[in-house]
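Presented below is the structure to which this report refers.
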Amino acid sequence: NDGIQEEQNSEGYMRIQDIPALNQSHCKMRDPQLVERIINEFVNGGPERMQFVSDFDYTITKQRTEDNLPVLSSFGIFHECKSLPPYFKEATDKLFHKYRPIEIDPHMPVEEKVQYMIEWWTQSSKLVSGFPFDESELDHSASKYKRALRDRTHELFATLLHLQIPVLVFSAGLGNSVVSVMQQAGIMHANVKVISNFLQYREGLLDGFQLPMIHTFNKNETVLVGSEYYDLVHTRDHIIVMGDSIGDAEMANGVPASSHILKIGFLFDHVEANMEKYMNTFDIVLVDDQTMDVPNALLALVEQRHQLRHPRVANGTS
Ligand code: MG7
Ligand code: MG
């Protein structure tokens, strides 16, 4: 059997040195040996054991665009909609200025922050209530931001679909914007699930966000327990996690402890000041990388080995 022969010949241990994407100068690793071991586990385990978990804002979208056009967050896309009541913008801005500093305060313990975040999302939910809203407005606003996806995001989602790897896009932002951007960009494939805050309607009027509330500090797989998605992924113990905020590294909390998790962090703001924390939190830190090249390279290795094991049988129709 040629397939098996080929597999034996080429089934070696992958070395970091042989993976160009990981040798770029802006790609930093606290423990390259650990990364190497995890990559080999992933490659040997195959796509059947993998799941992919990603943040949305500034992770699937860019932190910086070539033309320096601003990239709006999922909440920001909603706030651009013209039909929001006149008091809305001022009121949400006020909340933002009160709670955002708490969210990113380097000194306050997380347990204390949680209460404030619940307050923020609760008040924000109340503001999004009592007026009619046409979601085509959101689609219009979102259409401008599909250009803001990281370079080669399409390749990433196409490979994940092809390998049938479940993708969870986890966002503490507004799910309707996330889905709209991803749909319009053509990456909202059947293997992709978005868990986020979605608009709720009652008698034709907005009625806040649907439950459960997803905020910065409960954004992890513990909120999935009991859901259909949890059943789908909880046996997939090889996990790639991607995010741009420190808290994103916790997104796979709630999966079995034996899992191998590879955490990729995109660092852009205050690189110097944040470097140590990111290095301690993520296995791979990408400094001002506005592409999907690193996750694409990792999946290419998984795909390569997979193809050696499952060679396409010539069917004589070509
Ligand atoms: N964030 C959280 N909330 C709001 C809001 O009501 N308006 C705006 N503009 N931003 C908000 O993508 C999740 C991020 O969005 C921010 C309730 C928080 O900073 C959160 O991390
Ligand atoms: Mg983010």
Self-check item: Nearest-20 debye value, the chain charge dipole, Cβ charges on Lys, Arg, Asp, Glu
Solution: 280
Quiz prompt | Kirkwood Rh and Cα Rg combined as Rg/Rh, region 16-173 | solution = 1.03
Exercise. Kindly express, to the nearest 10 degrees and within the range 0 to 90, the angle between helix 175-184's C-alpha long axis and the longest C-alpha principal axis of the chain.
Key: 50
Quiz prompt | Under the Debye formula (equal points on every Cα, no solvent term), log10 I(q)/I(0) of region 197-318 at q = 0.17, 0.18 Å⁻¹ | solution = -1.02, -1.08
Quiz item: Where does the chain land on the Kirkwood hydrodynamic radius, alpha-carbon pairs, in angstrom?
Solution: 21.0
Practice problem: Count the DSSP beta bridges whose two residues both fall in the chain, then state the antiparallel fraction as a percent rounded to the nearest 5. | Solution: 25
Quiz item: Roughly speaking, what is the stretch gain from N253 to F88, that is 0.36 nm per residue apart minus the C-alpha to C-alpha distance, in nm to one decimal?
Solution: 55.9 nm
Practice problem: Give the residues of region 221-237 whose amide nitrogen is closer than 18 Å to a point set 7 Å from the Cα of E48 in the direction of its Cβ. | Solution: 232-237
Practice problem: For helix 110-127, report the angle its Cα long axis makes with the longest principal axis of the Cα atoms of the chain; keep it between 0 and 90° and round to the nearest 10°. | Solution: 60
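Since every read-out is calculated from the coordinates, none of them should be taken as a lab result. A quick note: this is a predicted structure, and the numbers were derived from the prediction, not measured. Cβ atoms come from the backbone with ideal geometry, glycine included; neighbour counts cover every protein chain shown.
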